[in-house]
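Visitor: Structure incoming, see below.
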Amino acid sequence: MLIKSDPSWVIKENQATPEGAYLNRRTLMKGLAGSIALGSVAQINMAGSAQEGRAPLASTHNDAYTLDRELTPEDVNLKYNNFYEFGSHKRISDNAEQNLKPRPWEVVIDGMVNKPITLDVDELISKVGGLEERLYRHRCVEAWSMTVPWIGFPVKKLVDLVDPLGSAKYLRMETFNDASMADGIASQPWYPWPYVEGITMAEAGNDLAFLAVGAYGKQIANSMGAPIRLHMPWKYGFKSIKSIVRFSFVEERPVSYWEEISDGREYGFWANVNPEVPHARWSQANETVLHTQERVPTLLYNGYGEQVADLYTGMENEKIFY
Ligand code: MTE
């Protein structure tokens, strides 16, 4: 059964409907302005149970990261997603489950490194040696939040594998771009596929920057970005790129997917959470905890300021909060 809910926190349809003013030239030329929106009406498909068949993953629980709220139930997390490769709405779970093939999965790590490597995702997992479980808050730019028991490893371990050159400044990441696995790629040609994200080397080296290969004690579900996705819990969720096939160490700052779509006007490169800096079309002061529908104040850096604020000292003139 599909339950359609319109709770008060949902961004109103007219706010979520994109305005031509911020579309980039490419999108405008395609004449498909009506299709671009990160905000949309919430629909939670409560049908069925969590997807079966994912292998359990052994991990060591890391006590350093605790939550101030209860965990989001697995079913809610699995069935309320942003994964535009499968469609620009929240109910992509069944489509992703049926069509994304997360194994075998080749991962390329290249660019400005001494030891470039191409390997299978399971080989990567065994090379980094030992998985951790971490409980993280996840704050979407659309003003909803979840909590997730991720299993994975710090990005830093991947960095160390390939020994980057001193001149590498950013880590650029790319999602698969295979329309045979994800029908949204072909049916929405106006989006700048593949999904690309980037973080600085300093951000990549922060202990919180995490590559998730599992959640809820098992391999990560397709809808959540199998077989490997990023989670940067102090940034809006769109930085946390899913189903990564390539990590490249580069000198130039990558243009990220939403940055390109909005021409940098609505979704920026930095995207650090700040309740006092509103999005162009809505407030970021509060968020709705998805499972409980509780409305809570949003925290600076999503509550992780102690660990990450130092990364941005001296950057007062940069737009680091959108
Ligand atoms: N990665 C890819 N490849 N495609 C996407 O559409 N959406 C982003 C991010 N990573 C997205 C993506 C956004 S907007 C959010 S909020 C999170 O994934 C959502 O992650 P979740 O579905 O696991 O909650």
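Visitor: Cα-Cα over 20 Å: which of 101/235; 235/319; 127/156; 79/156; 156/235?
Guide: 101/235; 79/156
Visitor: Moving on. Residue by residue, what Karplus-based ³J(HN,Hα) values in Hz, rounded to whole numbers, does the range 201-218 have, using 6.51, -1.76 and 1.60 with θ = phi - 60° and x for Gly and Pro?
Guide: Ordered by residue, 3J(HN,Hα) equals 4, 5, 5, 4, x, 6, 4, 6, 5, 10, 9, 9, 10, x, 6, 6, x, 10 Hz.
Visitor: Cβ neighbours within 10 Å, averaged per peptide: list 86-92, 287-293, 97-103 in order, most packed at the top.
Guide: Numbers: 86-92: 20.0, 287-293: 18.1, 97-103: 16.3.
So the order, starting with the most tightly packed, is 86-92, 287-293, 97-103.
Visitor: Where Rh is the Kirkwood radius over the Cα pairs of the range 13-312, the temperature 4 °C and the viscosity 1.567 mPa s, what D in µm²/s does Stokes-Einstein return?
Guide: Rounded, D is 67 µm²/s.
Visitor: If you don't mind, there's one more thing I want to ask. With the contact rule set at Cα under 8 Å and sequence spacing of 6 or more, what percent relative contact order holds for the range 13-312?
Guide: 21 percent
Visitor: Take peptides 58-70, 268-280, 205-217 and line them up by average Cβ neighbours within 10 Å, highest first, as a rough protection proxy.
Guide: My ranking of the peptides, most packed first, is 205-217, 268-280, 58-70.
Visitor: Continuing with the same structure: So what are the three principal axis dimensions of the range 155-289 from its Cα atoms, in whole Å, longest to shortest?
Guide: 41, 36, 34
Visitor: Restrict the search to the range 229-268; then list the GluC sites (Glu not before Pro) that DSSP places in a loop and that have at most 10 other Cβ atoms within 10 Å of their Cβ.
Guide: Sites meeting the loop and neighbour criteria: 252.
Visitor: Let me ask you something else. Calculate, axis by axis, the spread of Cα positions in the range 78-161 along the three principal axes, and write the results as whole Å, longest axis first.
Guide: Each principal axis gives a Cα extent; for the range 78-161 these are 40, 28, 24 Å.
Visitor: Given the C-alpha centroids of the range 58-118 and the range 206-266, what is the distance between them in whole angstrom?
Guide: 8 Å
Visitor: Could you list which residues have their amide H under 5 Å from that of residue 247, counting only those 5 or more apart in sequence or on another chain, with H placed in the peptide plane?
Guide: It is 108, 109, 110, by chain and number.
Visitor: If you take the alpha carbon radius of gyration of the range 209-293 and divide it by 2.2 N^0.38 Å, what ratio comes out, to two decimals?
Guide: In units of the 2.2 N^0.38 Å rule of thumb, it is 1.24.
Visitor: Next question. If you count only protein heavy atoms and use a 1.4 Å probe, how large is the accessible surface of residue 118, to the nearest 10 Å²?
Guide: 80 Å²
The values are calculated or read from the model by the stated rules, or taken from the named source; none is laboratory data. Just so we're clear, the structure is a prediction, and the values are computed from it rather than from any experiment. Virtual Cβ from ideal backbone geometry, glycine too; neighbours counted across all protein chains shown. Remember, those area values only see protein heavy atoms, side chains included, never the ligands or the DNA or RNA. Shrake-Rupley method; radii C 1.70, N 1.55, O 1.52, S 1.80 Å.
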